[in-house]
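Below is one structure, written out as structure tokens, with a few remarks after it.
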Amino acid sequence: MADRACRSIRQAPALAARAQTGTFNGAVGKKMKNVIVFSIGHAVYAVELGWIREVFTLAHVTPVPHAPSAIAGVVNFRGSILSILDIRGLSGNRAQASQGESALLLEVDRCQAALRAGTIDEVSSLVADPNTGVFVDSRHRQVTLLEPPELFDAAMNNRALSTRAVASHEE
């Protein structure tokens, strides 16, 4: 699945060009978000491609006792130890990541962390519905667009996820 997502990431610039020229699903004049859509359980999330450095599969995950609830463990990624952020942990529900799950390597201000992604569903361009401001993916599911700088801030400061970490649809 990660290989398919990586191939799709390489195609994203072409999708963006089509969107800007108005040849992508009638999206002329609407602000598009080029994203990776993923799901954890029944919840569907997206992160803009600009924040994502790589999609990978979690290898052995080491739990970190007494870590903030946002940290679902650490993983050795190409010789570097990365914290694994979990959106559920950022919402106050402690969860542990497990080997074999997908993760997104995010970078914010030269700080890197893995975001537990569960299952990568698609690489897509999303447009907010003009009436409701809600993002919907190709499967017609409501998608929560996440803002990595706010996710990192919440994790580093050991606080629950605020509504600021979820992108405003009116941007």
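The values are calculated or read from the model by the stated rules, or taken from the named source; none is laboratory data. All values derive from a computational prediction rather than experimental measurement. Cβ placement follows ideal geometry from the backbone for every residue including glycine, while neighbour counts extend to all protein chains displayed. Please note that ligands, DNA and RNA were not included when accessible areas were found on the heavy atoms of the full protein model with its side chains. Shrake-Rupley method; radii C 1.70, N 1.55, O 1.52, S 1.80 Å.
In the set HIS66, HIS60, only one residue is of a type outside the set (Val, Ile, Thr), in contact with a strand residue (DSSP E or B) (Cβ under 8 Å, 6 or more places away or on another chain) and either over 13 Å from LEU115 (Cβ atoms) or loosely packed, with under 14 Cβ neighbours inside 10 Å (or both); that residue is HIS60. The numbered conditions (1) open to solvent by less than 10 Å² (accessible area, probe 1.4 Å); (2) more than 21 Å from ASP153 (Cα to Cα); (3) more than 13 Å from the chain's Cα centre (by Cα) are all true for VAL37 except (3). Within region 68-85, residues that are of a type in the set (Phe, Trp, Tyr) have Cβ atoms under 9 Å from residues that are open to solvent by 30 Å² or more (accessible area, probe 1.4 Å) and not in a strand (DSSP E or B) in these pairs: PHE77/ALA59, counting only partners at least 6 apart in sequence or on another chain.
Taking region 9-53 as the range and being at pLDDT 50 or above and on the phi > 0 side of the Ramachandran plot as the test, only GLY41 passes. When the strands (runs of 3 or more DSSP E) confined to region 102-171 are screened for residues that are under 19 Å from VAL55 (Cβ atoms), at pLDDT 90 or above and open to solvent by 50 Å² or more (accessible area, probe 1.4 Å), those reaching at least 2 such residues are found at 111-127. Before we move on, is VAL108 touching a residue at least 24 places away in the same chain (Cβ under 8 Å) and over 24 Å from LYS33 (Cα atoms)? So VAL108 does not fit the description; no.
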